[in-house]
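I have placed the structure first, in the form of structure tokens, so that the comments after it can refer back to it.
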Amino acid sequence: MDATIAIAKSPTVRVRVGHVWNLEVHHRHGRWDVEVRSEAQKLVDATVMRLLGAGVMAEPQIIRSDSDHVAAAIAIEAREFGADLVVIGSRGLSDWRSLTQHSISHQLLCAVDCPVLIARARRKEASRTVAKVVMAIAGGDDVEPAARAAAAAGLPDASVTVVHVRQALFGAQGFAYVESNDEMRQTMARACQMLIDSGVTVQGMVAHQGPVAEAVAQIAKDLNADLIVIGSSRMGDIGSLLLGSVSHDLLHMTDRPVLVAERVPA
């Protein structure tokens, strides 16, 4: 909720609050529960009223789905609404639990092309304003989508720290090599210039070589960032575990909201 308020305070922004509802029966705390539609409507209406009270234009929507197709239902609703951004909460399950329990946030990343903002429920000190943004880059084709997402979410009063993590890249012949200093400077300059052109205050930082997600999570913590922005290859759960998706790993290493940029066309 607060993450949505932080980036949606504009008279041109319209928010559709979707509540996924189904009639499946659940066993909770020793009893069987079922959420009736009227209860779902009350929940979504209360959220809309809170957003309206914060100055965000919002409308309610009940989304019907069974428990196995929640992400798909949200993706369909997002496309029908023409959403520029999807916001979803996350419990931050571990890697293997996200596989066995079908993490909705990870399924959604695979189902939509637009940016996805994943807010963390355990973030107690969350702010309704975005003052500090960390944008993580590591070379590759996702620099421009990440910069566009950071510019859109950062807002004019925010400061964006572009963090470049040196890593191994794969060349045209499939061999791996470590980025040179010149390549890092060029990538950093390109990302910073895009933000400057958007009127955003920006500074750069180069992290030591190492796991990208771990480095970004630590820097965001040290800077007390309100938001982390990253690019995305949008790999699925199994692929992200085997191949090391930065977005997947980062979601389990930070309690900050994470904005995953639009999908990079193949």
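The values are calculated or read from the model by the stated rules, or taken from the named source; none is laboratory data. All figures in this text were calculated on a predicted structure; none of them were measured in a lab. Because the Cβ atoms are built from the backbone with ideal geometry, glycine has one as well, and the counts that use them run over all protein chains shown.
Can you confirm whether region 214-221 contains a residue that is over 22 Å from His106 (Cβ atoms), modelled with pLDDT of 85 or more and crowded, with 18+ Cβ neighbours inside 10 Å?
yes
Given region 33-147, what helices (runs of 4 or more DSSP H) lie entirely inside it while holding 2 or more residues that are at pLDDT below 90, surrounded by 20 or more Cβ atoms within 10 Å (Cβ to Cβ) and touching a Gly at 6+ places or on another chain (Cβ under 9 Å)? Outline the logic, then answer.
Values: elements: 37-53, 70-81, 95-100, 104-111.
Because the criterion is at least 2 residues that are at pLDDT below 90, surrounded by 20 or more Cβ atoms within 10 Å (Cβ to Cβ) and touching a Gly at 6+ places or on another chain (Cβ under 9 Å), the helices (runs of 4 or more DSSP H) in region 33-147 that meet it are 104-111.
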